[in-house]
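Structure first, commentary second.
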Amino acid sequence: MDIIAALMDGLWIAVQPHNLALAVIGVVVGLFVGALPGLGSVNGVAILLPFTFVINEATADPAAPMIFLAAIYYGAMYGGAISSITLGIPGASTAVATTFDGRPMALKGQADRALVTAAIASFIGGTVATLFFTGFAPALSAVALDFGNPEIFALMLLAFATFVGLGGDDIPKTLFSIFFGLLLATVGFDTISGEPRLIFFNDREQAAVMEAVGASTDAVPFFDSVGWFSRGIQFLVLAIGVYGIGEMLWTINASRYKITMSETTISGRRILSGIAGMRDAWKGTTIGSLLGFFVGILPAAGATPGSLMAYGVAKMTSRNPRSYGEGNPDGVAAPEAANNSASTGAMLPMMTLGIPGSPTTAVLLAGMVIWGLEPGPRLFEDRPEFVWPLIGSFYISNLVAVLVNLAFIPLFLAVLRMPFTILAPVIFVLSVIGTYAAYDNMYDVWLMVLFGIGAYFLRILDYPLAPAVLAVVLGTTAEEKMRQSLLLSDGDFAIFWNPFFDRDGKGQEWWIAPVTTWIALVLIALPVILWAVRTKRARRVAA
Amino acid sequence: MRRAEFVTATLLALLSVYLMWKAGEGPEWDTEYVHWANTGINIDGSGPGKGFWPFYLALGMLVSCLWILVNAIRRASPPSRSEEPFLDGYAKRMLLLVGGGLVGFLILIDLVGMYAAIAVFMLYYMLILGRHPLALSLATSVVVPFWLYLFFDIVMTKVQPKGLRWIEDAIYTPAGEFFRGQPLLVIALFFLVSGAVLAVTARRARY
């Protein structure tokens, strides 16, 4: 009953005019961001995170900034389908699977039906997942309250290990990305000893560089910051660099500004007939809603694999699998329900354990830290005035998203015709002004653009960058938890892997950290094991 | 692409070695410090030193880079098998024009302030790279920074750089004096009217 009462309170706060307005604006922004090719939820959330600092100050409501960002997240999941269906290219990676059947439906003249199916399936997926979230989150956070430093470090290790074991990207490049992100988080001052490290330029060297480039802080304030790297590398500098600048450069190069769209007309009558047509898509919706949530919870999985997996399962269990890929409504409903469901699922470990599983939730987590909240199990105990309105807003945002989506499909279609040569400079400008607004410092803006250009080069060479973004967010906490654990064990790593390691001299057994560590180690070793098995099998076949 | 794979992995490996070295450095004021001393796991019974974590992370980066190089030699990764150029003619030109434009934009911020720099950058991008009509390019490059100015500087008082002193005095100070005194409703009206101007220009240009 407690949960229901708390949820009702939360819903009441979520429908307050300022929160409702933020949810509507967030959903509309998210729909645009999701629909525009080259931009997904993570780009929208990263580029617009600096705007939430002002929302935080203006509303004085702890949940308001997060309601805005979560609405963008949801909106983007809905929006991805619009371009997948009408343009044939996914608006975001989360909507890749939607193109498989959405595009054939559009080519058969059923674009309106596909769009309505996607919207309704998204709504059902999102709502089912929010119900699960409401049930699971308080229970999980109650369990997590007993976690100590070794447990939390082990969970972080697991989050990174899943990227290696299940990420599907080039393994050494994924590992490089994780190590690099964690290392960036160590730049600046060591939180435990308080000493500077990896600051590269001391004051004297910095002054010499300034003199060499002919700039001085008095005349022209290039790099106007004092103590460049001793400020540390701010998370948003990397996130906006990668997702604002790098991704945009990559999209410009890949699309060459040329995107063509199939003509679609939509009317109230067509929307109604589309809703009636949902009876052909109930199976995909159910599979997507259920599967998506649990895949979303897993670190490194999230909405993209969730939607692909849901599509696969829907096809596999279908009586007529051949109709998939030819324009089957179930093939649109399954991935769309799944990506919405997974995006809610991904919030579960972020909110209850403080460990994000995807780049978008990593940005959300970083935002929470900046607004002065401490994500993790204590959040549910200490900050109910933040948690429950946010959960309430999940329900509201879903409803707002489906209504806005259905009502304004023609408008979104018009916006999708906007030339990329107008959109791209706007994104660049928002990235620059957002970074400056966040840190009041041109040095961070320069660093952000340099990261962006670097990210573009690495992206061409297939280096996955999402693990680096995640690692920068988790880096400081991961190091702190590891060092505090080792302090407890006198530098003995057995505290992480041995359940019989005596932590407090009372002979107690500790199972959570070791089990998690071992799962993480198996996941890291998994690709090597699979490779060995495959080679052995190949040899046997050859023999 | 193959050559780029080798060059990038080698450069990143060198960076890793440099970072390992830097991680072992001690504080500037400690003249008796021996290099690498702070990378130990249990220094004087008080756990790992401040260089421990960065040192082993950089080592992890180095090992990953060597692995990437081995894969590249074995042609196991798609870029190392690709015969396509790393950056073709279009990509090089795009990088020069867009990346160069961005760098120019950042330099301009220090000279003419954030909003004037945005106007110049938008105009450059739309007119020269996008080849949009002059009227639309001009309207967009005035309205977009104007909106951002109203949002950041006026409504949220999140002040952005204003460039050289005489430019600040000539443009931004009078603008600030005019807009800061206005009620929120008037600001919203300015926002909407400028948006309408943009919409009309776009329609006339058949967008």
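A few comments on the model shown:
- Kyte-Doolittle at least -1.0, axis length at least 27 Å by Cα - qualifying DSSP helices, chain B: B:2-23, B:52-73, B:184-204
- Cβ-based exposure ranking for B:Leu11, B:Leu59, in which fewest neighbours within 10 Å come first: B:Leu11, B:Leu59
- Fully extending the segment from B:Arg74 to B:Glu28 would add 12.1 nm, taking 0.36 nm per residue of separation and subtracting the current Cα-Cα distance.
- Cα-based equivalent ellipsoid, chain B: semi-axes from gyration tensor eigenvalues, Å: 49, 30, 14
- Electrostatic tally near A:Val143: other residues with Cβ closer than 15 Å to its Cβ, Lys and Arg +1, Asp and Glu -1, net -2.
- Cα extents for the range B:89-204 along the principal axes, largest to smallest and rounded to whole angstrom: 52, 37, 21.
- Sequence of B:His35, B:His132 once ranked by neighbouring C-beta atoms within 10 Å, starting from the fewest: B:His35, B:His132
- Of every Cα-Cα pair in the range B:2-81, the percent that sits beyond 19 Å: 48 percent
- Stokes-Einstein diffusion coefficient of chain A, Kirkwood radius over Cα pairs, 10 °C, 1.306 mPa s, in µm²/s: 66 µm²/s
Values in this text are rule-based calculations from the coordinates and carry no lab data. Because the structure is predicted, anything quoted here is derived from the model rather than measured. Here Cβ is always computed from backbone atoms with ideal geometry, including for glycine, and neighbour counts include all displayed protein chains.
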